[in-house]
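So the structure is just underneath, and the comments pick up after that.
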Amino acid sequence: MSHFQGQMGGQPQNPPMRGAFSPISAEQQQQFAYNSYPNQQPPQNAYSQPQPTYPQAQYPQQQPFVQQPVANQSTPYGMFAQNLQNNQAAQIGMQFAGNAMNAMQENVQQNVERYVSMRQLKHYFDVSNIYVLSKLRALVFPWMQKSWHRYAERDQTGQVVGYKSPREDVNSPDLYIPVMGLVSYVIAIGLIIGRLGVFHPEDLGYTASSALGVIVFEVLLIKMFCYLLNVGSELQFLDIVAFSGYKFVTTILVVLLKPWAPWWMTWSAFLYFGFALVFFMIRSLRHALIPESSSVTGVNVHRKRRIHFLFVIAMTQFLYIWILMQYKSSN
């Protein structure tokens, strides 16, 4: 006991308490601290018992978790697209198919440009809202327009290379109004036939085919007379198509009056819009068929014939409007 009293400063110590709240001695605290570090050994003193050493268990080193890339599951073709990218044969096949489609597109474009130039076709669809309103007014009230002369387009040297686009010249023919007029005419006929209770889906195709047949007949007839009268670059093929398609604007107005208005009002509208279209055709085609310049070859010889030809083209508009008015069901 004297030895323990000398170690603890000469003060007698009570025996340690046994229980949950028993204090831990300094030697036990030092032993617990060194147990946290397996590579270190606690200091040995004369009164401590040697602690047995146990071999540490070797655990395999855990590899860090790496998330594997997965295919895009947001689309049902994510896995298919990933497999397609990894498949070299599929990539070669897709490249071959793309080259084949490009070659086919170039071939079709070359065949189309033999008859109609895409650059020239874009020229006829270059319109604006002001042009469309002005052209519709000229078709319905042609005598209110004073100037019918077309403006020429010149290059840097001052030579004439063509005419200005419809956006820049209200007297220039376009293809936007004829195409929209044809579509509106087919829809109007479908509505009228549906009101009569005998509508069938085939009626739309029948009406569109009949309208296109009238246009093709008129264009071929005008083109034949232009060839016989030596009318060359003064009147282009697309100009003829444009002027022939303007009749749908006046025809729609007459067709819409026919089911609801009395007969005398319908025929009055037919005569009015027919003469309006005749006046429009004469004033628009006069500068192309009967140019004022006498330097054009053959103008003096065929001038009288061209005047008669222009009069025939204008008066046949009554016949075309009357044919387009005769709508009926295909069944």
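Looking only at the range 156-181, count how many residues are open to solvent by less than 60 Å² (accessible area, probe 1.4 Å), within 22 Å of Glu234 (Cα to Cα) and either among the hydrophobic types (A, V, I, L, M, F, W, C) or outside any strand (DSSP E or B) (or both).
Of the residues in the range 156-181, the ones open to solvent by less than 60 Å² (accessible area, probe 1.4 Å) are 158, 162, 165-166, 169-175, 177-178, 181.
From the residues that got through so far, the ones that are within 22 Å of Glu234 (Cα to Cα) too are 158, 162, 165-166, 169-175, 177-178.
Remaining after also requiring either among the hydrophobic types (A, V, I, L, M, F, W, C) or outside any strand (DSSP E or B) (or both): 158, 165-166, 169-175, 177-178.
Qualifying residue count, the range 156-181: 12.
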Discussion item. Any residue that is farther than 23 Å from Ala269 by Cβ, open to solvent by 70 Å² or more (accessible area, probe 1.4 Å), modelled with pLDDT of 90 or more and not in a helix (DSSP H, G or I) - is there at least one of those in the range 146-154?
Written reply: no
Item to complete: Have a look at Phe318, Phe309, Phe280, Phe273 and point out the one that is open to solvent by less than 80 Å² (accessible area, probe 1.4 Å), modelled with pLDDT under 90, aromatic (Phe, Trp, Tyr) and within 43 Å of the chain's Cα centre (by Cα).
Response: Phe309
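Could you say which residue among Gln82, Gln73 is outside any helix (DSSP H, G or I), farther than 26 Å from Gly245 by Cα and at pLDDT below 65?
Numbers: Gln82 fails: outside any helix (DSSP H, G or I).
Just one listed residue meets the conditions, Gln73.
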Discussion item. List pairs: first residue in the range 122-134 and in contact (Cβ under 8 Å) with a residue 24 or more places away in the chain and open to solvent by 50 Å² or more (accessible area, probe 1.4 Å), second residue aromatic (Phe, Trp, Tyr) and in a loop (DSSP other than H, G, I, E, B) anywhere in the structure, Cβ distance under 6 angstrom, at least six positions apart or on different chains.
Written reply: none
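Counting only residues that are part of a helix (DSSP H, G or I) and either open to solvent by 20 Å² or more (accessible area, probe 1.4 Å) or at pLDDT 90 or above (or both), how many does the range 219-232 have? Write out each step before concluding.
So the first thing to find is which residues in the range 219-232 are part of a helix (DSSP H, G or I), and the list is 219-228.
Applying the additional criterion that residues be either open to solvent by 20 Å² or more (accessible area, probe 1.4 Å) or at pLDDT 90 or above (or both) yields 219-225, 227-228.
Count: 9.
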Worksheet entry | Scope the range 192-218; condition under 16 Å from Tyr246 (Cα atoms), crowded, with 17+ Cβ neighbours inside 10 Å and among the β-branched types (Val, Ile, Thr); matching residues | Val214, Ile215
Worksheet item: If you take the residues in the range 233-269 that are closer than 22 Å to Tyr124 by Cβ, open to solvent by 40 Å² or more (accessible area, probe 1.4 Å) and not in a helix (DSSP H, G or I), which one is modelled with the highest pLDDT?
Response: Gln236
Response to the item:
Within the range 182-191, residues under 23 Å from the mean Cα position of the chain (by Cα) and either among the hydroxyl-bearing types (Ser, Thr, Tyr) or buried (at least 16 other Cβ atoms within 10 Å of the Cβ) (or both) come out as Leu182, Ser184
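The values are calculated or read from the model by the stated rules, or taken from the named source; none is laboratory data. Just so it is clear, the structure is predicted and the values come from calculations on it, not from any experiment. A quick note on method: Cβ atoms are made from the backbone with ideal geometry, for glycine too, and the neighbour counts reach across all protein chains shown. We work out accessible area using only protein heavy atoms, side chains counted, and drop any ligands, DNA or RNA first. Shrake-Rupley method; radii C 1.70, N 1.55, O 1.52, S 1.80 Å.
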